[in-house]
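Below: the structure, in structure tokens.
The values are calculated or read from the model by the stated rules, or taken from the named source; none is laboratory data. Just so you know, these numbers come straight off a predicted model, no measurement behind them. Positions of Cβ are backbone-derived with ideal geometry, glycine not excepted, and every protein chain shown enters the neighbour counts. What goes into the accessible areas is simple: the full protein's heavy atoms, side chains included, and nothing from ligands, DNA or RNA. Shrake-Rupley method; radii C 1.70, N 1.55, O 1.52, S 1.80 Å.
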2 protein chains.
Amino acid sequence: MSGVGVTEAPRRRAARPVDKFDERRAQLAESALQTLGTLGYARTSLREIANNSPFSHGVVHYYFQDKLELVVYSVRYYKARCVTRYDGVVADSTSAAELVDRFADRLAETIRDEAPMHRLWYDLRTQSMFEASLREAVTQIDATLQDMIWRVVSRYAELAGRTPSLPPAVAYGMLDGLFQQALLAYGDEPEQTLAALAAQVHDVMPMFLGGPAQAAAGARPTV
Amino acid sequence: MSGVGVTEAPRRRAARPVDKFDERRAQLAESALQTLGTLGYARTSLREIANNSPFSHGVVHYYFQDKLELVVYSVRYYKARCVTRYDGVVADSTSAAELVDRFADRLAETIRDEAPMHRLWYDLRTQSMFEASLREAVTQIDATLQDMIWRVVSRYAELAGRTPSLPPAVAYGMLDGLFQQALLAYGDEPEQTLAALAAQVHDVMPMFLGGPAQAAAGARPTV
DNA sequence: TCCCGATCTGGACAGTCGTCAAGAATTCTC
DNA sequence: GAGAATTCTTGACGACTGTCCAGATCGGGA
């Protein structure tokens, strides 16, 4: 099972040494992401994906069992690289204030640079409430996003010498709500929206801080 | 222009006194909501809506210009009554603690009772990022939801003798994030999810409180 | 060079969709 | 009850969808 896909499927052969097969899957995923990000899940057809790729529409079923497998593979493919987005912020910041600054900047930056991908993610997550076949992948990706946010929040508390005042799910839910709100408004008032988001993050992050951290090693938040 | 629809359209005649016309539109909206809530926006066809109604599929275009108008009308129709959901909580609570209790209960209750409607709303809001024709209606509804939440938060602060520490958009964004997270998880673990949501609201609401309220004119006596 | 499997193409299929219009059925008016 | 305006049904149209498949094309081993 290669790094990205959990539900491998067709795999006609296993001959080629370094797996040209997975390479093509990734290539198709790139094209699919471009189309999905622009049109959304419902309005994206396999023919349209193929049009934005070097291939014809028939080839999709050579590498993927059906449309759903391609879409899930593509989103996993994207999210796999983007969950590390804030790891640099976590690793390099030397003070709580610096971490907040860089975290807020990075949030705004990713809306500016990858808005279509984020729209796609929220689209897919919403569709998973109606389409059971999407649930598993969505749940798993959502958990990795929550972990990503929690790395930021817990490091933030650590740098501030405090304990996080809220469990991971709450911190993630709240920040995700603000992020989604910004993504929605971004289409109308781009720069103003991003500035507002950064300011909101500065306002909100201190709320995640609880009492002074225990001096003991590895102390967990009380919650 | 009647209470619900902003974009009236076909209106073949203006003869009937009490407007049988709007009555049928509302009736179709009810059927549409049932189907949309179950299947989601993308998977709902006009024929399916008609199947869940006393009418045949052709009648839709007699009362609505196209599918989009029916959908937007339906969601407005639903949201128009549901934005008053917490007004009783705001009006009747006599202490900050009571308000939080009742607010949290009501949030959980509406997920239990109207989950499909909430799924539909998030679906439509997400689709509006891809389909410009949905933007206007979504933006407007979102604003009324933010107002609804703000009535709760500001009254809460008032009862606590404090000032709200965050602007309406932030309070709404954060609570909406938690609500959406609960809605997503509700399918798997209903009761556990609702209990967690209520607990989260209890944790989070105090964060919305800032410094002591000014004793300025019109301020209600503190508890 | 030839061959054979891997890869890819383009068309076909069966189904669904939104929309429309002709006419039946219903309801209202006089 | 007759006539007219309405409401509603039914069937059709063209466009689009995911999927499949027969055959063209490609590329590497003999």
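Numbers for the structure displayed
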read-out: Cut-off under 5 Å, modelled amide H: who pairs with B:THR163 long-range; value: B:GLY210, B:GLY211, B:ALA213
read-out: Separation of the A:GLN192 and B:SER56 label points, Cα + 7 Å toward Cβ, nm; value: 5.1 nm
read-out: Straight-distance crosslink candidates among lysines, where the alpha carbon sits under 21 Å from A:LYS79 and sequence neighbours closer than 8 are dropped; value: A:LYS67
read-out: Label spacing, shortest first and in nm, from A:ASP147 to its equivalents in the remaining copies (7 angstrom along Cα→Cβ); value: 4.4
read-out: Per-residue average of Cβ from other chains inside 10 Å of B:120-133; value: 5
read-out: Rounded if a/c under 1.5, otherwise prolate or oblate - chain A, Cα gyration tensor axes; value: prolate
read-out: Student exercise, region A:56-119 dipole from Lys, Arg, Asp, Glu Cβ charges, in Debye to nearest 20; value: 280 debye
read-out: Other copies of A:ALA97: label-to-label distances in nm, shortest first, labels 7 Å along the beta-carbon direction; value: 3.9
read-out: Within a Gaussian network of chain B (alpha carbon springs, distance under 10 Å), most fluctuating of B:SER56, B:SER154, B:SER93; value: B:SER56
read-out: Delta accessible area of at least 50 Å² on complex formation, residues of region B:15-60, 1.4 Å probe, chain isolated as reference; value: B:ARG43
read-out: Of all accessible heavy-atom area on the protein assembly as shown, the percent that carbon and sulfur account for (1.4 Å); value: 51 percent
read-out: Inter-probe distance in nm under a simple model that places probes 7 Å from Cα toward Cβ, at B:GLN27 and A:ARG81; value: 5.6 nm
read-out: Charge-dipole axis of region A:65-205 as Lys and Arg at +1 and Asp and Glu at -1 on Cβ define it, positive-most pick from A:ILE149, A:THR110, A:LEU99; value: A:ILE149
read-out: Residue with peak Gaussian network fluctuation, chain A [Cα springs, cutoff 10 Å], from A:ASP66, A:ASP92, A:ASP19; value: A:ASP19
read-out: Accessible solvent surface per residue of region B:83-212, calculated while the other protein chains remain in place, 1.4 angstrom probe, Å²; value: 36 Å²
read-out: Selected from B:LEU33, B:LEU166, B:LEU120 as most flexible by GNM, with chain B as the system and alpha-carbon contacts under 10 Å; value: B:LEU166
read-out: Residue-level accessible surface for A:HIS57, protein heavy atoms, 1.4 Å, Å²; value: 100 Å²
read-out: Label distances, nm, A:GLU158 versus same residue in remaining copies, Cβ-directed 7 Å point; value: 4.5
read-out: Where labels lie 7 Å past Cα in the beta-carbon direction, separation of B:ALA91 and B:HIS202 in nm; value: 2.7 nm
read-out: Buried area at the A-B interface (accessible, heavy atoms, 1.4 Å probe, summed, Å²); value: 3200 Å²
read-out: Within chain A: Cβ-based charge dipole about Cα centre, in debye rounded to nearest 20 (Lys, Arg +1; Asp, Glu -1); value: 840 debye
